[in-house]
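Notes for the one structure printed next.
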Amino acid sequence: MLDPKLLRSEPALVAANLARRGFVLDVGALTALEERRKSVQVHADTLRAERNARSKAIGKAKASGEDVAPLLAEVDSLGSQLEQAEAALAAVSAEVEGLALTLPNLLHESTPTGSDETGNVEVRRVGVPRHMDFTPRDHVALGESLGMLDFERAAAISGARFSVLSGPLARLHRALAQFMLDLHTQDHGYREAYVPYMVSRQTLTGTGQLPKFEEDLFRIPGETEYFLIPTAEVPLTNLARDQILEAAVLPMKWVAHTPCFRAEAGSHGRDTRGLIRQHQFDKVELVNVVRPEDSYAALEAMTACAEEVLKRLELPYRVLALCSGDIGFGSTKTYDLEVWLPGQDKYREISSCSNCETFQARRMQARWRNPQTGKPELVHTLNGSGVAVGRALVAVLENYQQADGSVVVPDVLQNYMGGVKQLQPSA
RNA sequence: GGAGAGGUGGCCGAGUGGUCGAAGGCGCUGGACUGGAAUUCCAGUAAUGCCCUCACGGGUAUUCGAGGGUUCGAAUCCCUCCCUCUCCGCCA
């Protein structure tokens, strides 16, 4: 959510910023709505003040034993007037709120302008794709020929966009997650968390997935409404919800390994093959809750933490600064990490690190006590994948494949594989 | 699932229809005392909207788990829901 004060005082400025996203903010309509809200609220407040004053007088009169009947008569018509005014206020407030929740975040000045992913700017490229003197296969061919990856059984169990991993491949998947968790907790100062995978509507509103992107989520019917988390960003960031944090506890650096569930609405026909786009996938997620002045340094640091995963796995990748047309709803600035996939002969997204500044904090009422002012102020929140486990598995399979269809286990994972150094068919 | 008890400020906790944004305590901040500190004493100490003000600040409204209701007036009474705790049952 944007700062309502800024929205009121500088609507043109806000509109100009959002226009870089291709988002059209109707300043005239917004201003008119705001004017209406203001007058309705002042009216209701005035009536309420009147009523309060008179009620107080009645109380005093009663206490001193006077006859309160004439006072009661005076206040007679106030009730219905106030009721009407409050109903009007509730209606206009709901309208304002509804609008506010659907506005995307302002962009940081360093976010490049562009209309779609072709406008993203490559910041750096790390590692060189390995030369293969054979035609590289994609992870589906590799996994299936190893006999460890089964989309047919998954389809029978659940339908499209699910997978079954088995044997050493399932273990490799687990090894990747363990490796990432250990890296971030031991070397990067993150605190591990185990969090709910089912969350409330309010929680998803806090991080910005709702109300606008409900069709991307899985909702569980039942007496209590739950949604499956689309990312651990949701529960981790909401750890700060409705809190006034002491300055000393900042920055909070959380890491969690969770499954993620996405309906992938609107992506029919995209990445239908393989593990790239599934309804269920695992991810190791990083979340920072920081003082406002630290958030851009934190974004660089968090991106470096995600990159370290790929460096240690010796996977070639590049870093993109997402442009205004491709960046997420709640983010002011985002770096995507794209890993090299020989099977697709291109770089594919494996991590996304974003600074949300106060956008989520305002929705969640996540604050800290600023020692300078002594007042509660909104924190900045950041999130980043560190990294997507399923896609990391894809990258390992494709980059470490051998001519004979076997796959070498990266050095840093061998301890997690009980000494297994290579995935062989029929293992 | 059954029975009971609760949810009040940063924290603990009093408050069963009016002068209650809310006693008291803790914590925190400032001041006095001290060579410095502890102790002690004094004072201050919620958020948010709107209006006025260049500003300092002031006014007003809302907020006592959430939402409805009763009433001139609700932290307080009624209804629904959520959450926490205790005991029992069940269970991983």
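Between A:Glu66, A:Glu97, which is more than 9 Å from RNA strand B (Cβ to nearest atom), under 23 Å from A:Lys212 (Cα atoms) and either open to solvent by less than 40 Å² (accessible area, probe 1.4 Å) or free of Cβ contacts under 8 Å to residues at least 60 places away in the same chain (or both)? Just a single option satisfies the conditions, and that option is A:Glu97. Within the range A:137-168, the set of residues being of a type outside the set (Gly, Ala, Ser) and farther than 30 Å from A:Gly266 by Cα comprises A:Leu146, A:Pro168.
Of the residues making up the range A:295-316, those that are open to solvent by less than 20 Å² (accessible area, probe 1.4 Å), closer than 17 Å to A:Thr381 by Cα and either of a type in the set (A, V, I, L, M) or in contact with a Leu (Cβ under 7 Å, 6 or more places away or on another chain) (or both) are A:Ser295, A:Ala298, A:Leu299, A:Met302, A:Cys305, A:Ala306. For A:Val75, the criteria (1) at pLDDT 85 or above; (2) surrounded by 12 or more Cβ atoms within 10 Å (Cβ to Cβ) hold in every case but one, which is (1).
Among the residues of the range A:253-286, the ones that are part of a loop (DSSP other than H, G, I, E, B) and either touching a residue at least 40 places away in the same chain (Cβ under 8 Å) or surrounded by 17 or more Cβ atoms within 10 Å (Cβ to Cβ) (or both) come to 13 in all. Annotation: of all residues in the range A:34-59 being of a type in the set (A, V, I, L, M, F, W, C) and either touching a residue at least 12 places away in the same chain (Cβ under 8 Å) or more than 18 Å from A:Lys5 (Cβ to Cβ) (or both), the one that is least open to solvent (accessible area, probe 1.4 Å) is A:Ala44. Is there a residue being among the hydroxyl-bearing types (Ser, Thr, Tyr), within 13 Å of RNA strand B (Cβ to nearest atom) and closer than 16 Å to A:Leu99 by Cβ anywhere in the range A:35-54? The answer is no; no qualifying residue exists.
When each of A:Thr207, A:Thr237, A:Thr203 is tested for being under 26 Å from A:Trp368 (Cα atoms) and without any contact (Cβ under 8 Å) to a residue 60 or more places away in the chain, the lone residue that passes is A:Thr203.
Which residues, taken from the range A:342-379, are in a strand (DSSP E or B) and away from RNA strand B (no atom under 16 Å from the Cβ)?
Of everything in the range A:342-379, those that are in a strand (DSSP E or B) and away from RNA strand B (no atom under 16 Å from the Cβ) turn out to be A:Lys346, A:Tyr347, A:Arg348, A:Glu349, A:Ile350, A:Ser351, A:Ser352, A:Cys353, A:Ser354, A:Asn355.
Take the residues in the range A:213-251 that are at pLDDT 90 or above, open to solvent by 30 Å² or more (accessible area, probe 1.4 Å) and within 21 Å of A:Leu299 (Cβ to Cβ), then tell me which one is farthest from the chain's Cα centre (by Cα). Applying the filter and picking the extreme gives A:Pro251.
Considering each of A:Leu99, A:Leu107, A:Leu103 in turn, give the residue that is within 24 Å of A:Glu338 (Cα to Cα), of a type in the set (A, V, I, L, M, F, W, C) and either part of a loop (DSSP other than H, G, I, E, B) or under 32 Å from the mean Cα position of the chain (by Cα) (or both). Result: A:Leu107 is the single residue among A:Leu99, A:Leu107, A:Leu103 that is within 24 Å of A:Glu338 (Cα to Cα), of a type in the set (A, V, I, L, M, F, W, C) and either part of a loop (DSSP other than H, G, I, E, B) or under 32 Å from the mean Cα position of the chain (by Cα) (or both). For the residues A:Arg262, A:Arg241, the requirement of being in contact with a Pro (Cβ under 8 Å, 6 or more places away or on another chain) and not β-branched (Val, Ile, Thr) singles out A:Arg262. Annotation: of all residues in the range A:75-85 being in contact (Cβ under 8 Å) with a residue 12 or more places away in the chain and more than 9 Å from RNA strand B (Cβ to nearest atom), the one that is farthest from A:Val40 (Cα to Cα) is A:Gln81.
The values are calculated or read from the model by the stated rules, or taken from the named source; none is laboratory data. Predicted, not measured: the structure shown is a model, and the values here were computed from it. Cβ atoms come from the backbone with ideal geometry, glycine included; neighbour counts cover every protein chain shown. When the accessible area is computed, the model is the full protein with side chains, heavy atoms only, and any ligands, DNA or RNA have been set aside. Shrake-Rupley method; radii C 1.70, N 1.55, O 1.52, S 1.80 Å.
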